[in-house]
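Undergrad: Questions regarding the structure given below will be posed in turn.
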Amino acid sequence: MQPQSITVRVDCPAKTNLTLAVGPTHAEWGGRHALDTIYCAVGVYDTVTATAKAPGTGFSLELEGAHLGDLASSSSDMRRNHAVLALFAMAEAAGREPDVALTITKRIPVGAGLGGGSADAAAAMLAIDRLWNLNWPIAKLRTIAATLGADMPFCLTGGLARGTGFGEQIEDIDPTDPLALELSSQGFAGEVIIGAYQSQLSTPEVYHTFDAMGAGAADRNHLQAAAISLHPRSGKAITAALEAGASQAFVSGSGPSVVAFAPTEAAAQHIIDSWVLQDAADRIIRAKAPATPVICVTQ
């Protein structure tokens, strides 16, 4: 009698950067910039499911959702998908063949500075770890994730964390830590309102623009001025949110998405109303933060 197969479902949240200091490039990191950032996972979730396939049949990938962006392009290379690359990396580390069926349900905006691809990769790693009964410690998973991208080690656990190196060196921040309390007192608390766009920004292009123009004097996200120069509606959304009562509003990562923290329900509604009235965003999402991945195993 064949053993009953299991399916592992992982809901992995988006990420934003509450602060993002960008340093010089490093040749040993492939030309990437040094970063010092405070990551925060935001409760908009992509879902990755993983099911074992018959030996020798290889992997498969299905994409679902109303917000697939460039991923829906017929020219998109399935083997370059972040979740598939994560599957390959896990298979190599485990000495196994990647005979796994993956399904990704996209809700996190694509090309938006919200780490959707990194969330998919992290979700795939968590799912494969459970599917294959590896039970690897998070430190080992983070080492593998760091070979795939800067945000992926953080996305494995979510919550709140400091990232250094090129973003891949993670120090988790407990909610009771003085830094977490300080961030809360600075306005990084309450409901999160995300302004997303149909247009996408290329992260390399944003960094290239940053290299040319530098950071805004008061920007806690050093990439914000570059992102706004390429996508002015992001700046419009930030101004509208702050005028509507946001305690913090900023470009998320390399943009163009804007994240606003609303201290009250009234402020949240005012931000939404203002963005709609001023056409400052194409898609408005309400979320909680910080968030963490959720793993579910079914037979």
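The values are calculated or read from the model by the stated rules, or taken from the named source; none is laboratory data. Here the structure is a predicted model, which means the values were calculated and not measured. Cβ placement follows ideal geometry from the backbone for every residue including glycine, while neighbour counts extend to all protein chains displayed. The accessibility values were calculated without ligands, DNA or RNA, using every heavy atom of the protein model including side chains. Shrake-Rupley method; radii C 1.70, N 1.55, O 1.52, S 1.80 Å.
Undergrad: Residues of the range 82-139 being basic (Lys, Arg) and either touching a helix residue (DSSP H, G or I) at 6+ places or on another chain (Cβ under 8 Å) or over 26 Å from residue 38 (Cβ atoms) (or both), which ones?
TA: Taking the range 82-139 first, the residues basic (Lys, Arg) are 96, 106-107, 130.
Matches in the range 82-139: 96, 106, 130.
Undergrad: For the range 239-257, which positions are among the hydroxyl-bearing types (Ser, Thr, Tyr), open to solvent by 10 Å² or more (accessible area, probe 1.4 Å) and within 14 Å of residue 220 (Cβ to Cβ)?
TA: Within the range 239-257, just 247 meets the criteria.
Undergrad: Name the single residue that is modelled with the lowest pLDDT among those in the range 75-95 being part of a loop (DSSP other than H, G, I, E, B) and surrounded by fewer than 18 Cβ atoms within 10 Å (Cβ to Cβ). If you could, list the steps in order and put the result at the bottom.
TA: Residues of the range 75-95 part of a loop (DSSP other than H, G, I, E, B): 75-77, 81, 95.
Still in the list and also surrounded by fewer than 18 Cβ atoms within 10 Å (Cβ to Cβ): 75-77, 95.
On the way: 75: 45, 76: 55, 77: 62, 95: 98.
Step by step, filter the range 75-95, then rank; the result is 75.
Undergrad: Also: Looking at (1) loosely packed, with under 15 Cβ neighbours inside 10 Å; (2) touching a residue at least 12 places away in the same chain (Cβ under 8 Å); (3) not hydrophobic (A, V, I, L, M, F, W, C); (4) not in a loop (DSSP other than H, G, I, E, B), which one does residue 208 not meet, given that it meets all the others?
TA: (2)
Undergrad: Which is among the basic types (Lys, Arg), in contact with a Gly (Cβ under 6 Å, 6 or more places away or on another chain) and surrounded by fewer than 19 Cβ atoms within 10 Å (Cβ to Cβ), of 236, 288? Spell out the reasoning first.
TA: Working: 236 fails: in contact with a Gly (Cβ under 6 Å, 6 or more places away or on another chain).
The unique qualifying residue is 288.
Undergrad: Criterion first (closer than 19 Å to residue 161 by Cα, open to solvent by less than 80 Å² (accessible area, probe 1.4 Å) and of a type outside the set (A, V, I, L, M)) does residue 177 satisfy it?
TA: Working: closer than 19 Å to residue 161 by Cα: yes; open to solvent by less than 80 Å² (accessible area, probe 1.4 Å): yes; of a type outside the set (A, V, I, L, M): yes.
Yes; evaluated as a whole, the condition is true for this residue.
Undergrad: Within the range 96-107, track down each residue that is in a loop (DSSP other than H, G, I, E, B) and either closer than 30 Å to residue 197 by Cα or in contact (Cβ under 8 Å) with a residue 60 or more places away in the chain (or both).
TA: Applying the first criterion (in a loop (DSSP other than H, G, I, E, B)) to the range 96-107 yields 96-99, 106-107.
Residues satisfying the conditions are 106, 107.
Undergrad: Another question about this same structure. Select from the range 38-58 the residues that are open to solvent by 20 Å² or more (accessible area, probe 1.4 Å) and under 24 Å from the mean Cα position of the chain (by Cα) and list them in ascending order.
TA: Once the filter is applied, which keeps residues that are open to solvent by 20 Å² or more (accessible area, probe 1.4 Å) and under 24 Å from the mean Cα position of the chain (by Cα), the range 38-58 yields 43, 45, 49, 51.
Undergrad: I'd like to verify a number: residues in the range 145-167 that are within 23 Å of residue 27 (Cβ to Cβ), open to solvent by less than 20 Å² (accessible area, probe 1.4 Å) and in a helix (DSSP H, G or I), how many?
TA: The number of residues fulfilling the criteria is 3.
Undergrad: Next question. Can you find a residue that is hydroxyl-bearing (Ser, Thr, Tyr) and closer than 12 Å to residue 119 by Cβ anywhere in the range 28-37?
TA: So in the range 28-37, the residues hydroxyl-bearing (Ser, Thr, Tyr) come out as 37.
Remaining after also requiring closer than 12 Å to residue 119 by Cβ: none.
No: zero hits.
Undergrad: Go through (1) out of contact with any Gly (no Cβ under 9 Å at 6 or more places or on another chain); (2) open to solvent by less than 10 Å² (accessible area, probe 1.4 Å) and name the single condition residue 260 misses.
TA: Every listed condition holds for residue 260 apart from (1).
Undergrad: In the range 108-140, how many residues are surrounded by fewer than 24 Cβ atoms within 10 Å (Cβ to Cβ) and part of a loop (DSSP other than H, G, I, E, B)?
TA: 8
Undergrad: At least 2 residues that are in contact (Cβ under 8 Å) with a residue 12 or more places away in the chain and within 26 Å of residue 181 (Cα to Cα) in each: list the helices (runs of 4 or more DSSP H) lying fully within the range 215-299 that qualify. Walk me through it before giving the result.
TA: On the way: elements: 224-230, 232-243, 265-278.
Once the helices (runs of 4 or more DSSP H) in the range 215-299 are filtered for at least 2 residues that are in contact (Cβ under 8 Å) with a residue 12 or more places away in the chain and within 26 Å of residue 181 (Cα to Cα), what remains is 232-243, 265-278.
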